[in-house]
Every structure is written in structure tokens, then in C-alpha cells.
1. Name every residue in the range 291-309 that is surrounded by 16 or more Cβ atoms within 10 Å (Cβ to Cβ) and among the hydrophobic types (A, V, I, L, M, F, W, C), in order of residue number.
2. Kindly provide the set of residues from the range 20-42 that are open to solvent by less than 50 Å² (accessible area, probe 1.4 Å), more than 23 Å from ASP176 (Cα to Cα) and either in contact with a strand residue (DSSP E or B) (Cβ under 8 Å, 6 or more places away or on another chain) or at pLDDT below 90 (or both), ordered by number.
3. In the range 609-625, is there at least one residue being loosely packed, with under 14 Cβ neighbours inside 10 Å and among the β-branched types (Val, Ile, Thr)?
4. Within the bounds of the range 29-47, is there any residue that is among the basic types (Lys, Arg) and in a loop (DSSP other than H, G, I, E, B)?
5. Just one of (1) farther than 24 Å from GLN703 by Cα; (2) part of a helix (DSSP H, G or I) trips up ALA534, so point out which.
6. So in the range 626-636, with the set limited to residues that are more than 12 Å from TYR689 (Cα to Cα) and touching a helix residue (DSSP H, G or I) at 6+ places or on another chain (Cβ under 7 Å), which one is surrounded by the fewest Cβ atoms within 10 Å (Cβ to Cβ)?
7. When only residues in the range 384-404 that are touching a strand residue (DSSP E or B) at 6+ places or on another chain (Cβ under 9 Å) and open to solvent by less than 40 Å² (accessible area, probe 1.4 Å) count, which is farthest from ALA310 (Cα to Cα)?
Amino acid sequence: MAGWAAIRHLADQRRREVTGTEPTLERADRIVQSALGHAGLWVTGTSPGDPALAGALALLDREAQGIIYNADLPPETIAFNLAHELAHWWLHDESEGCGTEDIVADPIAEPLPYGESYVSGYSPVQKRETEANIFAAAFLLPAPLLRDCFGQGMMPDRIASEAGLSEGMVLAQLADALLLDVAESPLLLPPAEVTLVFDLDPSQRAAAEVNQGPVLVVAGPGTGKTRTLVGRILFLLQNGTPPERILALTFSNKAANEMRERLAAVAGDPARRLWIGTFHAFGLELLRRFGDRLGLPPRPALLDPLDAIALLERHFADLNLRALEYLHNPSYPFRDILSAISRAKDELITPEQFDALVRQMHSQPGDEKAERAAARLREVAGVYAKWRAILQMEGKLDFGDLIMRAVELLRNHPNVKEQVRAEYPQILVDEYQDINRASALLVKEVAGEGKGIWAVGDLRQAIYGFRGAAPANVTQFAQDFPGARELTLDINYRSRSPIVKMFGHAADSMSTPGASPSEWESMRGPQEDAVVYAEAENESAQAAGIADSIRDFQASGIPLRDQAVLCRTNTQAEKMAALLEERGVPVVYLGDLFSRPEARDMLALLSLACEGHGQGLLRVARKPEYAATLDEVTAVLDRAKSLGIPFPRALAGCGVSAFEELHAHLDPLAYRGNAFAFFTRYLFGPARYLRDLMVDETIHARQSRLAIHQLLLLAREHAQRLSPGEENPQRAFLDHVRRLLAAQ
């Protein structure tokens with residue numbers, strides 16, 4: 001969030017510079033005109049067919065110091081499009097046109113961990129566009145202003161009308177402004193010119209300043225892996241490598257964002273021009289650029305796991321399942337089937353190879369269990385072949401395709417491979433022990449002989465085997481890239497000496513390459529009693545001991561926000577959070593979203609609004625705003641059933657005043673729009689639910705607001721993926737949630 005907070009902070013500063021006052025609710029087009037004058041930019045509207053636009057919605061011409069825009073759009077859209085280009089003027093160096101996929105008035109800064117937005121959100125181009133969208137939205141509707149409007153009782157439609165912006169944009173900005181407790185960040189984006197100075201210890205510098213690869217850096221926990229990787233990029237930049245020629249691949253979006261932010265802090269603008277992202281994001285970009293060679297459309301849709309199951313369900317009749325047939329729930333085995341297919345793709349195993357491997361399996365005559373297992377695997381092989389055909393026919397990809405088909409592309413089209421290698425002569429790979437074999441082979445295709453390959457990893461930190469990660473990539477590095485060198489980082493910066501020694505005793509027994517952790521130097525120095533081993537008779541005694549330790553740390557000057565309790569499983573964490581709270585220790589623990597009471601409240605309200613049967617009434621009736629007795633709930637449900645009246649209409653004229661108010665809140669929203677629109681219009685409308693939470697500053701209230709924000713984010717992403725002809729988008733979201741719960 002730190003990077004996005006800096007963007008919003010800078011937008012707030014620019015707004016104050018432009019208007020010279022505290023933010024007030026005024027028309028967006030007037031603010032934009034003032035900003036254009038303040039920036040010294042001319043602006044010209046034209047028709048969408050004008051060659052000067054080149055098909056874009058708006059285009060910033062940095063050299064000419066002006067903006068051309070499509071004038072055939074609604075005023076609120078034009079205002080946001082111009083604010084988006086102003087953001088580029090203030091934030092970035094590029095001059096390029098921005099189309100419908102670039103300019104998004106309700107941007108999602110942190111996508112949920114599935115779907116296309118999560119995979120593709122961190123390429124350099126998309127990163128710039130997301131920054132411009134977030135800046136523009138915060139510039140036109142600053143969070144403090146929206147909080148004031150909400151506090152004054154203003155409805156979203158009135159805010160939209162007075163600001164001259166779409167209600168959808170207002171709802172999205174209200175969700176972030178009211179539900180996220182983001183502190184005002186004093187950090188600004190780094191200037192374009194930054195002195196490339198970066199201190200490294202001797203082992204880090206030796207690794208970062210290698211002249212050429214192949215190089216594998218063994219970096220244990222806390223030894224400054226990311227710092228060394230950033231140092232490597234700075235070394236390349238200082239020695240003349242253009243940032244556009246550097247490819248940095250990471251295991252997760254979080255790691256990619258951290259790397260980019262750290263690099264931006266010391267390198268400035270060049271950090272934005274590197275390609276930093278996940279393997280899957282890089283594979284998706286390759287398939288979008290060159291996918292026509294594989295018969296793919298220009299922008300192939302990416303299926304998340306739930307979408308994949310739904311697509312298989314539509315083709316169920318063609319699958320001919322027998323051994324995997326479940327009459328009571330035909331789609332029950334789909335999750336496991338798709339997981340098996342995904343693992344095959346992790347190893348670059350084609351349907352034909354999978355089928356051949358299955359047929360090589362032998363079982364002893366009369367071994368019924370083995371015969372049933374073989375029959376199931378044969379059916380998985382058959383589904384794999386049909387699944388490939390379905391994806392090709394529909395022009396879609398699943399997650400495994402992003403790597404497997406990218407490798408296929410490079411192997412079968414030498415001209416494409418040549419172009420990609422020329423574009424990225426320098427390749428850096430983070431967390432090499434956590435990538436699957438397909439990802440390692442993708443790196444090999446791009447890196448060639450490996451003179452530009454620089455990877456960092458540590459077998460002792462290989463924990464993602466259940467996701468298909470292949471730690472053997474570390475031991476096979478020298479085979480994949482002959483002549484490879486191995487370097488190690490020697491100093492631990494994270495922990496004090498007793499913890500480093502404890503880790504060393506355990507790690508020394510592991511047969512893994514690299515320096516022994518017991519040989520590491522602890523930069524943080526010694527500390528008495530840094531490691532304590534304690535036993536407890538039961539969970540209650542364990543919680544009591546932890547609570548006492550927390551209070552002791554707090555008394556010694558360590559604030560609660562700087563303390564953490566680690567648990568082995570989510571279930572243990574949930575129990576421990578409850579036990580600590582019983583002992584007066586405030587805990588920040590969100591847990592499973594759908595176990596949260598706030599999420600259940602919102603889903604019950606949505607069910608009341610769009611499903612007709614009224615099954616959510618009992619939960620909603622327990623809320624203080626609609627407090628009703630069980631007898632009143634039963635009477636309303638019986639009346640609705642006997643008269644055949646669907647909810648929420650059944651609440652009208654029922655004789656219960658609280659339910660009449662509930663009907664007034666739900667009826668304008670029922671069956672109108674998607675789930676995100678329903679939730680936000682309810683929360684930011686006349687209902688008291690959120691208003692009561694907003695005046696509560698306890699840890700519990702903050703967690704409640706965060707849980708609601710996560711549910712809204714889920715609904716927002718679902719709304720973006722709905723087909724235009726969806727008959728009941730609100731119920732479609734409830735069905736989506738039920739599939740999510742079934743897949744857990």
C-alpha cells in the first residue's frame with residue numbers, strides 16, 4: 001500500500017497547489033481546467049476518428065506540451081480522461097495514447113490473488129496506467145473530502161452530481177476513503193534524477209557487481225536478498241544497460257512491488273521503465289504480443305480457477321466421465337482434475353505425453369484399488385485433451401498456459417525468441433527455489449547461454465512444493481547454464497545472534513548448498529534471552545503465556561503494533577486471536593473473509609434483495625437498525641410464503657415498522673445493477689450500518705471496515721468479469737461466493 005499511498009499523497013498536494021485551498025466539492029471539469037493552466041498544457045478536443053488520436057481516448061504530447069482528447073464522450077468521462085493525462089504529465093516521462101483498457105475511473109490498486117487483473121497488473125505499462133488512474137481519482141475526489149461529505153449525510157448520487165463525475169467512480173472512491181485506514185504518507189515519488197548510491201556489504205557487492213553470468217546467488221533468510229538484487233540492477237544501469245533491456249522476474253506480485261518501490265527510492269524514473277513482474281505476468285504479455293502464432297486472439301481471456309470449473313461444467317456432456325462420475329454433484333471432481341492438469345503443465349507435459357504416461361502404469365491383476373486409480377487417471381488424461389481443445393476454441397487461457405504456452409511459443413518460433421532475447425539481454429530472477437520447472441525452462445529460453453542471467457535463491461527456504469515449485473531448479477542451475485558461478489551472502493540483518501545460531505543448528509543438518517548459517521555474522525548483535533522455549537498444558541495456558549510475554553514486551557518499550565504472533569495454521573491463528581482478546585490483548589486478525597460477521601451481514605442483505613426466498617431475514621433482523629423478534633421474523637416469512645410474495649417486496653405492508661424501513665433501504669437496490677453497486681449504495685446510503693462503524697475507532701471496528709472493503713473488492717472484480725447479458729448479476733455474485741466456499 002505504501003506506493004499507492006504516495007501516489008494519493010502527491011495527488012492531494014497537486015490539488016492544493018492548483019486550487020490554493022482545502023479540497024471542497026466542486027465540478028471536476030473546472031478543477032481539470034485549472035490544473036491544465038497550472039501545468040501550462042494546451043488541450044484540444046477532436047472526433048474519435050481523428051488520426052491524431054490514433055484510436056486513443058486521450059493522448060499526452062509531452063514534446064508539444066498538450067493533450068488531445070476524444071470530445072464525443074460524456075463530460076464526466078472527459079474530465080477523468082484529462083485528469084489521467086495530467087497524472088502522466090506529473091508522474092511519468094512517456095508520451096503515448098491511452099485507450100479504454102488504460103483509463104479506468106474506478107481503479108483497483110491491490111487486486112485479489114486470482115484472475116487476470118492480479119496477473120497482469122505489474123508490467124511497466126500497466127503499472128504506469130494504474131498509477132495515473134489512482135492519481136486522477138484521488139485528485140478529483142480526495143479521501144478527506146469524501147469523508148466529510150459522508151459525515152454530512154450526502155448520498156453518492158448527490159456527490160456525483162455536484163462533482164460532475166459518474167456515480168460508479170464516486171462509489172469506488174468512497175469505498176477506499178471510508179474503509180481503508182491508510183495513514184497520510186509523507187513520502188513522495190522520487191524525482192526523475194537520483195544519484196545511484198547504494199551501500200552493500202562485501203558479499204552483497206561481490207554478488208551484485210559480477211560482470212556477467214550465469215550467476216546463482218545463495219541468499220539465506222535475512223541476508224539482504226532484495227537489497228542485493230536492487231544493487232545488481234543499479235550496477236547494470238550505471239554500466240550503461242538501458243532500463244528497458246532489464247527483465248526482473250519474481251515469484252509473487254508482492255515481491256515485484258517491493259522490488260520496484262525499493263528501486264524507485266534510489267534510481268528514480270528508470271525504475272518505472274524496467275520490466276518487473278511475475279513469471280505468469282511475463283508469460284501473459286508474451287502471449288498477448290505474439291499469441292497469433294499459436295492461434296490465440298489478440299487479448300486472450302485468462303480464467304481463474306472458478307471460471308475454469310464453470311467452463312468445464314458447460315462442456316460436461318462431452319467429457320464422458322465414468323470413473324470420476326458423481327451423480328449427486330457432477331462437477332465435484334473438476335477442481336482435482338484441473339489441479340492435476342495444472343501440475344502437468346508445471347512440468348510442460350502435453351495431453352499426449354500425459355496419456356502415454358498413464359498408459360505405462362501397470363497394476364497387479366485383481367488389485368481393484370490400483371485399477372480404479374488407473375481408470376481415474378485415464379479419464380483425467382481424456383479431460384486434459386478436451387480441455388486444451390475447449391480453451392483453444394474459446395480463445396482463453398488458464399494459469400498453467402501462461403508459462404507452458406509461452407515456452408511453446410519461444411521453442412517453436414525462433415524469430416520470436418530472437419526478438420525477446422534482444423529485448424532483454426539482462427535477466428534477474430528472485431526466489432529461484434520457489435519457481436516450477438516450466439518457469440525455469442522459460443528463463444532458459446529467454447536467457448540462451450545465460451551470460452545475462454543472475455538468479456537468487458536458497459534451498460533452505462523452499463516451502464512451496466505443494467504449489468508445484470521445483471527446488472531442484474537450484475541444484476540444476478549449473479546444468480541449465482554451463483559455467484555458472486555460485487556466490488553466497490554472509491551477513492544476517494534480520495535477527496539477533498541467538499536466533500541466527502538457533503537457525504544455524506537446524507539448517508546445518510540439511511544437505512543444501514551454500515554457506516552454513518552458523519557461519520553467518522549477525523549485524524544486529526547479541527541479546528540475552530532472545531530465544532525462549534516454553535511448554536503449555538493446553539491452548540488456554542499457551543495463550544496466557546503469550547499474553548504475559550506481549551505485556552512484558554510492551555512494558556519494555558515495544559509497542560503492540562511492533563509485535564507479531566506466528567501460528568502454523570489459519571485455524572490455530574483464529575483460536576489464538578480469540579483467546580488473546582479474551583485476555584485483554586487487542587489483536588489485528590482478519591481471518592477467513594466469509595467467516596467474518598460483516599461479510600455474512602452483507603451477503604444476507606444481498607440475498608434478501610435478489611433471491612426472493614427471504615432466508616437472510618433472520619440474520620438481518622438481529623442488527624440493531626432492524627431489531628425484530630423471532631416471532632416477527634416467522635410471521636413475515638409465513639405471510640410471504642402463503643401469499644406467494646417474494647422478498648424484498650414481502651417486507652412492505654407486513655406490519656413491522658423495522659421491516660418497513662428495511663424495505664425502504666432494499667427496494668430501490670433490488671435486482672438493479674451488480675453486487676458492488678448494491679453493497680456500496682446500501683453502505684453509503686441512508687442505512688446506519690457503516691455510519692455506526694465509522695464513529696468507532698477500536699481495533700474491532702477497523703477490522704470490520706477492512707473486511708467490508710475486501711468483500712467490496714471481491715464484488716468489484718466479479719462485476720468487471722460479468723457477461724453483458726447477465727440476467728441477475730446480484731445473484732450471480734452470490735453463486736460465485738458459494739463456488740468459492742465449496743472450493744475451500
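The values are calculated or read from the model by the stated rules, or taken from the named source; none is laboratory data. Bear in mind that the values here come from a model prediction, so they are computed numbers and not experimental data. Note that each Cβ is placed from the backbone with ideal geometry, even for glycine, and that neighbours are counted across all protein chains shown. Note: accessible area is taken over every heavy atom of the protein model, side chains too, but ligands, DNA and RNA are not part of it. Shrake-Rupley method; radii C 1.70, N 1.55, O 1.52, S 1.80 Å.
1. LEU294, LEU296, LEU302, LEU303, LEU306, ALA308, ILE309
2. LEU36, LEU41, listed by residue number.
3. No: zero hits.
4. no
5. If we test ALA534 against (1) farther than 24 Å from GLN703 by Cα; (2) part of a helix (DSSP H, G or I), just (2) comes out false.
6. Residue satisfying both the conditions and the ranking: ALA627.
7. Selected residue: LEU402.
Yes or no, residue by residue, for (1) open to solvent by less than 60 Å² (accessible area, probe 1.4 Å); (2) on the phi < 0 side of the Ramachandran plot; (3) modelled with pLDDT of 90 or more; (4) touching a helix residue (DSSP H, G or I) at 6+ places or on another chain (Cβ under 9 Å):
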position	(1), (2), (3), (4)
THR571	no, yes, no, no
MET576	yes, yes, yes, yes
LEU593	yes, yes, no, yes
ALA599	yes, yes, yes, yes
MET602	yes, yes, yes, yes
SER607	yes, yes, yes, yes
